[in-house]
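Okay, so here's the structure we're looking at.
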Amino acid sequence: MKIDRIETFLVPPRWLFCRIATDDGVVGWGEPVVEGRAEVVRAAVEVLSEYLIGADPLRIEHHWQVLSKGGFYRGGPVLASAVAGIDQALWDIAGKAYGAPVHALLGGPVRDRARVYAWVGGDEPGEVVDAVAAHVAAGMTAVKMNACGRLAPIPTPAEVDQIVDRAAAAREALGPDRDLALDLHGRATYPAARSIVSAVAEVRPLLLEEPLLPEHGARLADLVASSPVPLATGERLYSRPDFLPVLQAGVAVVQPDPSHAGGISEVRRIAALAETHGALLAPHCPLGPVALAASLQVALATPNFLIQEHSMGIHYHTGADLLDYVLDPEPLQIVDGHIRRTEAPGLGVTVDEAAIRRADQRGHAWRNPVWQHPDGSFAEW
Ligand SMILES: [Mg+2]
């Protein structure tokens, strides 16, 4: 079996799909993308395809080594995301070739279902309560929301109180038996993060995400030491060497994205690295059905998995949603806050290729918002 064709599809709302076909008819799908830089990753996949055409698709690890290291320059979001989507597609091909789900090829499932959380949008406490109540009614056991919007470098007491008020409203609606995750989205400076971790302790969050930007990682160990709540990070880290210092700093939860951090192969190794530090895995996944399916395969086979993100119905999707690109939504259906294990070969989802080809004709030019502080200077989004 040889790889004979690699195509990419730029589809709304902001994704890129990759289709790898073999000469004996087996096809695998992946999602190589950096949100807001999809066209750049598409070009990277095209360059990497030169090496893959004619190669044996089942040599996944060897290809990962060559694609990640063989260009001399290595690392960073664009290359690691291009490799990630290719890696997902190769695992999909391997599963279909061997007639087994990817979790079986990773050593077999360690659980029957993967716990997922739902996203909560809304800025006002009242909106938060309504959104949380809807998720609770749907059987969700955990939700996540942004802790705040644009944040001053050193927030006023009122700004910090507003963060606590929104989180407390969510906690009230959840009750003590469900979990609340808060995402700071890299919007806080170190002093801001210091005051926020203390202030939100009263709502007892499951985790506080991206309390600092990756480039402020030198302060992470200090923040962990002073934080009464579990800290999580990793959606903007791309490899084991990127994750090692945050694990040494003592984060409780790592959040590699299987479409950014080198795919199933590298996320699996990051999870093992986390396990040796007593840390848990919560894969980042605000992307499409193939990325979610890849995340779930890792979740099902990884002992230190905690919880899975998904983007179904998320507030910022416009023009398309995750289930628009699959023929059968059943493998991604959420029941009692969990997605059940599938035994279908490969990644376990059947994409709607015709819908993907049509959507690629529309394409997208998604860019993340660029925020400003009141004085006109750049603010983190
Ligand atoms: Mg996040």
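The values are calculated or read from the model by the stated rules, or taken from the named source; none is laboratory data. Quick caveat: nothing in here was measured; it's all calculated off a predicted structure. Positions of Cβ are generated from backbone atoms using ideal geometry, with glycine treated the same way; all protein chains shown enter the neighbour counts.
Taking the conditions exactly as written (within 16 Å of the ligand (Cβ to nearest atom), surrounded by 17 or more Cβ atoms within 10 Å (Cβ to Cβ) and in contact (Cβ under 8 Å) with a residue 24 or more places away in the chain), does LEU182 satisfy them or not? Here the answer is yes, as LEU182 does meet what is asked.
Yes/no per residue for (1) surrounded by fewer than 18 Cβ atoms within 10 Å (Cβ to Cβ); (2) out of contact with any helix residue (DSSP H, G or I) (no Cβ under 7 Å at 6 or more places or on another chain); (3) in contact (Cβ under 8 Å) with a residue 40 or more places away in the chain; (4) among the aliphatic types (A, V, I, L, M):
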position: GLU309; (1), (2), (3), (4): no, yes, yes, no
position: HIS315; (1), (2), (3), (4): yes, yes, yes, no
position: VAL349; (1), (2), (3), (4): no, no, yes, yes
position: ASP360; (1), (2), (3), (4): yes, yes, yes, no
position: TRP381; (1), (2), (3), (4): yes, yes, yes, no
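Within the stretch 207-222, the residues that satisfy the criterion of being in a helix (DSSP H, G or I) and in contact with a Phe, Trp or Tyr (Cβ under 7 Å, 6 or more places away or on another chain) are HIS216, ARG219. Restricting the stretch 201-213 to residues that are away from the ligand (no atom under 13 Å from the Cβ) and under 24 Å from the mean Cα position of the chain (by Cα) leaves a set whose member that is nearest to LEU281 (Cα to Cα) is LEU206. The set of residues in the stretch 236-252 being surrounded by fewer than 23 Cβ atoms within 10 Å (Cβ to Cβ), within 16 Å of the ligand (Cβ to nearest atom) and within 29 Å of ALA44 (Cβ to Cβ) consists of ARG236, ASP242. Here ALA193 meets each of (1) surrounded by fewer than 23 Cβ atoms within 10 Å (Cβ to Cβ); (2) more than 18 Å from ALA170 (Cβ to Cβ) with one exception, condition (1).
When we screen THR22, THR8 for residues that are β-branched (Val, Ile, Thr), outside the structural domain of SER311 (by TED's automatic domain parsing), within 16 Å of ARG362 (Cβ to Cβ) and touching a strand residue (DSSP E or B) at 6+ places or on another chain (Cβ under 7 Å), the only hit is THR8.
Identify all residues within the stretch 274-294 that are closer than 15 Å to LEU306 by Cβ and away from the ligand (no atom under 14 Å from the Cβ); write none if there are none. Once the filter is applied, which keeps residues that are closer than 15 Å to LEU306 by Cβ and away from the ligand (no atom under 14 Å from the Cβ), the stretch 274-294 yields ALA274, GLU275, HIS277, GLY278, ALA279, LEU280, LEU281. Filtering the stretch 121-148 to residues that are exposed (fewer than 14 other Cβ atoms within 10 Å of the Cβ), out of contact with any helix residue (DSSP H, G or I) (no Cβ under 9 Å at 6 or more places or on another chain) and in contact (Cβ under 8 Å) with a residue 24 or more places away in the chain leaves ALA138, GLY139. Does at least one position in the stretch 2-16 carry a residue that is among the basic types (Lys, Arg), closer than 22 Å to PRO289 by Cβ and at pLDDT 95 or above? Yes, the conditions are met somewhere in the stretch 2-16.
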